[in-house]
Amino acid sequence: MAERYVDFLVIGGGVAGGYCARTLREEGADGSILVAGREPDPPYYRPALSKEYLAGKTSREEQYVKPAEEWAKDEVEVLTRTSVMKLDAGERRATLSNRDEVRFDKALLATGSNVRRLHAEGGDLDGLHYLRAYANADAILADAGESERVVLIGGSFIACEVAATLTARGHDCAMVMQEEVTFERQFGSEIGRFFQDVLEEHGIDVNGGDDLERFEGEGGRVMKVVTRAGLELEGTCVVVGAGVIPETHLAQGAGLEIGERGGLRCSDRLETSAPGIFAAGDIAEWDFAPAGGPLRIEHWDVAFNHGKTAAANMLGKDRPHEEIPYFWCDLSDWTGLEYVGVGGGERVIRGSIDDGKFTAFSLDDGRVVSAVTVGRSDYLQHARRMISQRSAPDPDALADEGTGLAEL
């Protein structure tokens with residue numbers, strides 16, 4: 001067992017960990033930096049898995065945070081296929097899966113999430129897929145090519161994006177979801193219906209208000225999806241998009257505080273209950289003033305910005321994380337959405353849903369807390385401003401396209 005020391009230990013090889021390591025150097029860190037990630041690839045941008053990479057429009061290497069040779073040039077050691085098995089927060093010591101022990105001064109926990117697996121009859125059959133890494137995307141493409149139909153379980157981001165991407169590649173796709181319409185839980189039925197209409201117009205069979213009962217197979221491979229309502233969908237390739245669970249086992253084993261939302265509790269500086277140990281990405285449950293309390297979000301842009309804020313604070317720059325959460329979703333090249341803020345309430349629609357150019361502002365107690373926009377990216381800067389300033393615009397004026405948003 002080898003023992004070593006690093007100034008900065010980054011645990012997790014996703015975009016949060018990658019951008020933390022990158023920003024440490026960019027912000028002037030001159031100490032040693034070690035990134036330990038369990039995947040076979042160096043830190044990369046995960047959103048392409050359901051979009052450009054699955055569509056065959058980008059390579060793995062094009063989605064890397066930095067090429068391998070640039071990490072080496074910046075004297076950042078990146079260990080792939082390497083997990084941290086044990087963390088001693090008090091002793092500042094981590095045990096790696098290669099049996100090395102690493103002592104450190106500052107650390108970032110960015111262990112991300114694991115997919116939520118369905119516990120249904122037949123759930124161990126071949127041909128069932130969850131999308132979280134490159135290997136999953138490769139396996140989906142291989143099985144989709146051998147299947148007359150791809151069945152997707154879920155009605156949110158992963159299921160909708162994968163259905164759109166595979167359909168654009170020429171595959172026949174069907175969806176089963178608990179929601180009555182796609183994205184209903186995130187944006188309500190009216191906006192959700194817009195996206196479902198787009199999917200159906202391109203030939204995707206969308207079945208809402210139903211739930212998975214079981215998978216049926218033959219010779220160890222899935223052959224059919226059966227729902228509780230009795231719907232039977234044949235297909236030898238099934239993709240499940242049932243959400244994710246934050247990977248907090250390491251943090252819990254280290255005695256770090258876990259929040260009410262299941263994440264690793266940390267301050268607005270992203271520092272955990274152990275001084276000098278920070279959190280970023282899916283696992284971080286941080287104090288966020290515009291939300292009125294702690295917040296945890298599972299989206300790429302949040303993880304990306306968390307990594308930068310955590311790096312600054314690991315260098316003692318005392319920087320609160322004030323970035324308004326943002327995310328986007330693309331349904332092939334058919335349509336897409338952008339979202340800023342957090343929370344819901346009264347929805348005020350500006351523009352035309354029927355025309356596919358609109359922004360839906362959400363007001364909580366009269367104040368703008370979030371906005372989802374389609375075909376109106378220029379509205380995002382105004383939405384961010386309103387959220388940050390806790391603006392309470394007149395709803396009629398907000399809906400009236402004749403009123404300039406800069407005036408509200």
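No lab work stands behind these numbers, since they all come straight from the coordinates. On a predicted model such as this, the values are computed, not experimentally measured, just so you know. Here the Cβ is made from the backbone with ideal geometry for all residues, glycine too, and neighbour counts use every protein chain on show.
Remarks
- Backbone HN-Hα couplings from phi across the range 15-25 [Karplus 6.51/-1.76/1.60, Hz, Gly and Pro as x]: 5, 5, x, x, 6, 5, 4, 4, 6, 3, 5
- Given their separation in residues at 0.36 nm each and the Cα-Cα distance between them, ARG99 and LYS73 gain 6.7 nm when the chain is fully extended.
- The phi-based Karplus calculation (6.51 cos²θ - 1.76 cosθ + 1.60; θ = phi - 60°) puts the 3J(HN,Hα) values of the range 209-225 at x, 9, 9, 5, 9, 6, 10, 10, x, 8, x, x, 10, 4, 10, 7, 9 Hz, whole numbers, x for Gly and Pro.
- Across the chain, Cα pairs under 8 Å and at least six residues apart give a relative contact order of 15 percent.
- Percent RCO, i.e. relative contact order, over the range 194-323, from Cα pairs under 8 Å lying at least 6 residues apart: 14
- Modelled spin-label separation between THR403 and GLU27, with each label point placed 7 Å from Cα along the Cα-to-Cβ direction: 4.0 nm.
- Amide H to amide H distances under 5 Å link LEU264 with GLY259, ALA284, GLU285, where only residues 5 or more positions off or on other chains count and H is placed in the peptide plane.
- Rg and Dmax over the alpha-carbon atoms of the range 139-201 stand at 11.9, 36 Å.
- Computed 3J(HN,Hα) for the range 310-324, one whole-Hz value per residue from the Karplus formula 6.51 cos²θ - 1.76 cosθ + 1.60 where θ = phi - 60°, is 4, 4, 4, 6, 5, 8, x, 8, 6, 10, x, 8, 10, 5, 5, glycine and proline marked x.
- Label-point gap, in nm, between GLU91 and GLU232 - each point 7 angstrom along Cα→Cβ: 5.9
- A full extension of the chain between SER189 and ARG261 corresponds to an added length of 23.4 nm, given 0.36 nm per residue minus the alpha carbon distance.
- Amide H within-cut-off set for TYR44, under 5 Å, with H built and near neighbours excluded: VAL15, VAL65
- Taking Cα centre as origin and charging only the Cβ of basic (Lys, Arg, +1) and acidic (Asp, Glu, -1) residues, the dipole magnitude of the range 182-333 rounds to 680 debye.
- Dipole of the range 119-245, positive end: most advanced residue of ALA137, LEU125, VAL181 [Cβ charges, Cα centre]: ALA137
- Radius of gyration, Dmax [the chain; alpha carbons; angstrom]: 22.2, 69
- The charge dipole of the range 1-148, taken about its Cα centre with unit charges on the Cβ of Lys, Arg, Asp and Glu (plus for the first two, minus for the last two), comes to roughly 400 debye.
- Packing-based order for 5-18, 335-348, using average beta carbon neighbours within 10 Å, highest first: 5-18, 335-348
- Put a plus charge on the Cβ of each Lys and Arg, a minus charge on the Cβ of each Asp and Glu, and nothing anywhere else: the dipole of the range 140-241 about its Cα centre is then about 240 debye.
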